[in-house]
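Comments concern the structure below.
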Amino acid sequence: MAEPPTQVPSNDNSLRQPASWAELLRVFNRMALQGFGGVLPIAHHELVERERWINAQQFVELLTISQVLPGPNIVNFAIIFGDRFFGWRGAAAASAGLLVLPMVIVLALAMAYQHLADWPTVAGALRGMGAVAAGLIIATALKLARALKRNSLGMPTSFALGAATLVMVGFLRWPMVWVVLGLGSLGMALAAWRLSEQRPPTGPSEEPQP
């Protein structure tokens, strides 16, 4: 018997929940087989727009946790997402759907690439696929940016931190781990300060009048 999904609180009434861990396996397998150049753009489309299991804000939150944990981002995402609904069974199903069949395909292509790597047509095709992959990542980043409207930091501060990360990692070639620790800590401190300002003041309770 399939394990019932854990009720995940959400303010969005249009969201639904996966029916079983087998459905997680199927959807994550479909995501992986579409993930040319990376699964992240496909994950947003499948989970947020097609299946409507989470909204854009929840996707950004899960992705943020996945980014700061060690290991491949999308694998971390699959484990956290699966565990959120079906515990360890969901985590195992999402991870298996993401990795097993694509691993078989990649191993077969790697063996073929050893014999075809010197062909000019193959080299040109790979360069063209790299440009498409970069476009998919940029398109996903623009979609995710919409969720920053409800971020406690606000759009200007969020874009400033993102731009600083791009400059430090992409242009200055600083180690990513130190950039994440530095700017990540700064972002968390600013968010905590903004949230404390937004919290309504709690004054001393008034004593009832006799």
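Based on the Kirkwood approach, the hydrodynamic radius assigned to the range 151-198 is 11.2 Å, with every pair of different Cα atoms included.
In this simple spin-label model, placing a label point 7 Å from the Cα along the Cα-to-Cβ direction at both Met155 and Met103 gives a separation of 4.4 nm. Among Phe28, Phe59, Phe171, the largest mean-square fluctuation in a Gaussian network model of the chain (Cα springs under 10 Å) belongs to Phe171.
Go ahead and set up a Gaussian network model of the chain, Cα springs under 10 Å, then flag whichever of Val60, Val169, Val48 fluctuates most. It is Val169. Among residues other than Ser66 with Cβ under 14 Å from its Cβ, the summed charge is -1 (Lys and Arg +1, Asp and Glu -1). Comparing mean-square fluctuations of Arg50, Arg146, Arg89 from a GNM of the chain with C-alpha springs under 10 Å, the top value falls on Arg50. Rounded to the nearest 20, the Cβ-based charge dipole of the chain about its Cα centre (Lys and Arg +1, Asp and Glu -1) stands at 440 debye.
A dipole drawn for the chain from +1 and -1 charges on Cβ atoms has a positive end, and of Gly182, Gly38, Thr64 the residue lying farthest that way is Gly38. When the charge dipole of the chain is built from unit charges on Cβ atoms (+1 for Lys and Arg, -1 for Asp and Glu) and taken about the Cα centre, the candidate among Phe28, Phe85, Gly130 whose Cα reaches farthest toward its positive end is Gly130.
Dipole of the chain computed with +1 at Lys/Arg Cβ and -1 at Asp/Glu Cβ about the Cα centre; of Ala145, Asn76, Pro18, farthest Cα towards the positive end is Ala145.
Throughout, read-outs are computed from the coordinates displayed, never taken from laboratory work. Note that the structure is a prediction, hence the values are computed from the model and not measured. Here Cβ is always computed from backbone atoms with ideal geometry, including for glycine, and neighbour counts include all displayed protein chains.
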